[in-house]
Every structure is written in structure tokens, then in C-alpha cells.
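Okay, structure first, notes after.
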Amino acid sequence: MEKKSGAVTFLVALLPGAGYMYFGMLRYGIESMVLFFVVPQVFDYIGLGFISYIFSIPFWLYTFFDTYKISGKYNRGEIIQDKSLFSKNEVKNINISNGGWIAFAWLLIIIGILALVNKIFVAFDIFYTIKQYFLPGFFILIGIYLLVRGKDKFN
């Protein structure tokens, strides 16, 4: 294996996910990019834009330094395997544990409730109301469904 350039590694590490793709971890890179660019947009859409900074800055720092960690492994000749952000298992057999689904379900419910509470104090234009309340309500329903389905499935 040929060593990767330190300057190019720095440049691709600036964009979350691009560094992973540079080292052949396409799935991990795409998942990182989607999280970095989509999650803040979803939070802005439902009126919780301030949370996007709480997520984006630490996530960017993590991907930046993790790219350098992977660079070191790659340059030492270690084999770099693609992985998934959403599972500790192999990419082909994604299976989130029961605890993972429960945590994800509660996260969706909390985000939905925060968004709804945030919207209560806004003027009630019909289109605006439908647009702004649908997604948070959807998060809550998905979270409740996952909790109910999880109890039936794992008991």
C-alpha cells in the first residue's frame, strides 16, 4: 500500500465523511456526511436550530481527528475495514440491539416534544402549523411505535 499524503488527508478531513471515503470507507463516509448535513437541517426545519450546533461541532471534531487516526493505521499498513455508524456489527449484518432501539425511540420522542413545545408560542397560520407540527409529531409516533414494537419483539 502506498502512503497517503498528509496534506490531502488534512484537506479531506475538513469535510466530515470525505476523509473516510479517501481511505476506502465509503459507507462510513456517506453516513457521516448525511448526518453532518441532514441532521442540522431537520433541527432547523422543526424549529430547534440551536441543537444543531450542539451536534455539529463535536461531530465535526470527532470525524476530523478520527480521519487522522485512520490515516495512521493506513500508513502503517493495517487493513482498514468499512464500518457503520449505526451498528457495531459488520456492514452486511446490521442489527441494532434492543437497548439501541429504545434509546433511539426516546431520542425521537424528546426531539418531537421539544419541537412541539417550541412551536406552541408561534402564531397559528394553517400552512405553517401543518408544516411545523407534522415532523415533530411524526418523530413522536415513530418513537412510540419502536418502543411498543420492541416490547412485543423482545419479551
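None of the figures in this text is laboratory data; all of them are computed from the coordinates on show. Predicted, not measured: the structure shown is a model, and the values here were computed from it. Cβ: placed from backbone, ideal geometry, glycine included. Neighbour counts: every protein chain shown.
Values for this structure:
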item	result
Distance between modelled label sites at Asp66 and Asp44, nm, 7 Å Cα→Cβ extension	2.3 nm
DSSP-loop GluC sites (Glu not before Pro) across the stretch 20-90, with at most 13 other Cβ within 10 angstrom	Glu78, Glu90
Square roots of five times the Cα gyration tensor eigenvalues for the stretch 5-85, Å	27, 12, 9
Full-extension gain in nm, Phe55 to Ala103, via 0.36 nm per residue minus C-alpha separation	15.6 nm
